[in-house]
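Some notes on the structure that comes next.
Values in this text are rule-based calculations from the coordinates and carry no lab data. What you see is a predicted model, and the numbers here were worked out from it, not measured in a lab. Don't worry about glycine lacking a Cβ; one is built from the backbone with ideal geometry, like all the others, and counts go over all protein chains shown.
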Amino acid sequence: MTGLNRFIDIIRLFDETQGQWTIPEMAERLGAPTSTIYRNARELSKAGFLESAPSSRYRLGPAFVEFNRRFQLTDPLMRTGSKFLTSLISHVPAPSVVALSRLYDNQVMCTITQQSPNIKFSTSYQKGHPMPLLKGATSKVILASLKPKRLNELLDQQFEDCKTDATKKQFLIELKEINRRGYCVTRGEVDQGLIGLAAPIVSEKHNIFASLSIISDANLLLHEDEPQILPLLVSTAKIISNNLAE
């Protein structure tokens with residue numbers, strides 16, 4: 001662990017399960033000398049990425065708020081797609097969450113969400129939360145839009161522990177059908193009791209492979225509602241893709 005990687009590893013320690021760390025705790029978790037972690041924490045603090053907390057602890061610093069704003073103002077997907085979320089959610093006949101998500105390294109992450117005011121369910125699809133790559137409409141529709149080389153690289157990593165390639169082949173068949181339809185619908189794959197509908201957003205110009213999703217209670221958003229929702233979802237995703245291409 002050297003250089004930039006060490007800074008990244010330190011920052012990644014901070015999450016909802018443990019938001020504050022002491023220098024010895026960080027050193028033990030990362031297997032690095034205490035003196036080294038101390039120097040790294042001091043440099044990160046000077047840059048605003050960490051800040052001192054009570055009892056000789058550190059927490060994430062305000063620089064992340066600044067860079068979150070910069071990301072919102074400069075990211076092509078957020079700048080282009082966020083303005084369509086309010087209109088889309090107003091046409092869904094049940095309380096829902098609408099999400100823009102994108103492929104991020106080897107995982108899928110929500111970059112922005114918007115929800116109905118009267119929503120009564122909770123979902124794992126939250127801004128900045130990495131999601132399963134092989135489950136849920138949001139991820140599957142992104143995978144279905146990838147070129148074969150990139151797709152196989154991702155799937156080889158995901159299925160490397162399988163003793164046969166039958167599971168991968170079956171998954172590829174599913175992705176091919178999703179690509180043919182132009183959308184994906186799943187029920188309960190990520191959050192029990194919820195339904196997800198997603199359409200792909202692709203911009204090779206910006207190297208963006210993303211999706212526009214609707215998540216709702218499967219008991220409220222019914223199968224007979226899909227013919228009303230899916231055309232609007234797919235067309236909105238295509239508009240975002242076209243705008244990204246300009």
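With the simple spin-label model, which puts each label point 7 Å out from Cα in the Cβ direction, the LYS127 to ARG57 separation comes to 2.5 nm.
Taking packing as the residue-averaged number of other Cβ atoms within 10 angstrom, the listed peptides 178-184, 95-101, 137-143, 69-75 run from highest to lowest as 137-143, 95-101, 178-184, 69-75. Rounded to the nearest 0.05, the FRET efficiency derived from the C-beta distance between LYS176 and GLN107 at R0 = 22 Å is 0.50. Model label sites at GLN114 and GLU28, defined 7 Å from Cα along the beta-carbon direction, differ in position by 4.7 nm.
Counting only DSSP beta bridges whose two residues both lie in the stretch 1-150, roughly 95 percent are antiparallel. What the phi angles of the stretch 148-159 give under the Karplus curve with 6.51, -1.76 and 1.60, with θ = phi - 60°, is a coupling list of x, 4, 5, 4, 5, 4, 5, 5, 4, 5, 6, 9 Hz, glycine and proline written as x. Note on the stretch 3-65: along the principal axes its Cα atoms extend 29, 23, 18 Å, ordered by decreasing extent.
So if R0 is 25 Å, what FRET efficiency would GLN192 and ARG70 give, r being the distance between their Cβ atoms, rounded to the nearest 0.05?
0.10
For SER96, the residues 5 or more places off, or on other chains, whose built amide H falls under 5 Å of its own are SER116. Distance between the C-alpha centers of the stretch 63-102 and the stretch 168-199? Whole Å please. Spelled out, the Cα-based centre of one part sits 22 Å from the other.
For the residue pairs LYS83/LYS238; LYS83/LYS127; LYS149/LYS238; LYS168/LYS205, the alpha carbons lie more than 21 Å apart in LYS149/LYS238; LYS168/LYS205. Across the stretch 222-230, coupling constants 3J(HN,Hα) worked out from phi with the 6.51/-1.76/1.60 Karplus curve, θ = phi - 60°, read 8, 4, 6, 7, 4, x, 7, 7, 4 Hz, and Gly and Pro carry x.
Report note on the peptides 208-221, 45-58, 78-91: ranked by the mean count of other C-beta atoms within 10 Å, highest first, their order is 208-221, 78-91, 45-58.
Derived scalar couplings between HN and Hα for the stretch 19-26 equal x, 9, 9, 8, 4, x, 5, 5 Hz in order, rounded to whole Hz, by the Karplus curve 6.51 cos²θ - 1.76 cosθ + 1.60 (θ = phi - 60°), x for Gly and Pro. Computed from point charges on the beta carbon alone (+1 for Lys and Arg, -1 for Asp and Glu), the dipole magnitude for the stretch 75-245 about its Cα centre is near 420 Debye. The stretch 1-60 and the stretch 204-244 have Cα centres spaced 40 Å apart.
Computed from the alpha carbon atoms alone, the convex hull of the stretch 67-126 holds 100 Å³ per residue.
When peptides 29-40, 196-207, 108-119 are sorted by average Cβ neighbour count within 10 Å, with the highest value leading, the order is 196-207, 108-119, 29-40.
Looking at the chain, the pairs of alpha carbons with a distance over 33 Å make up 31% of the total.
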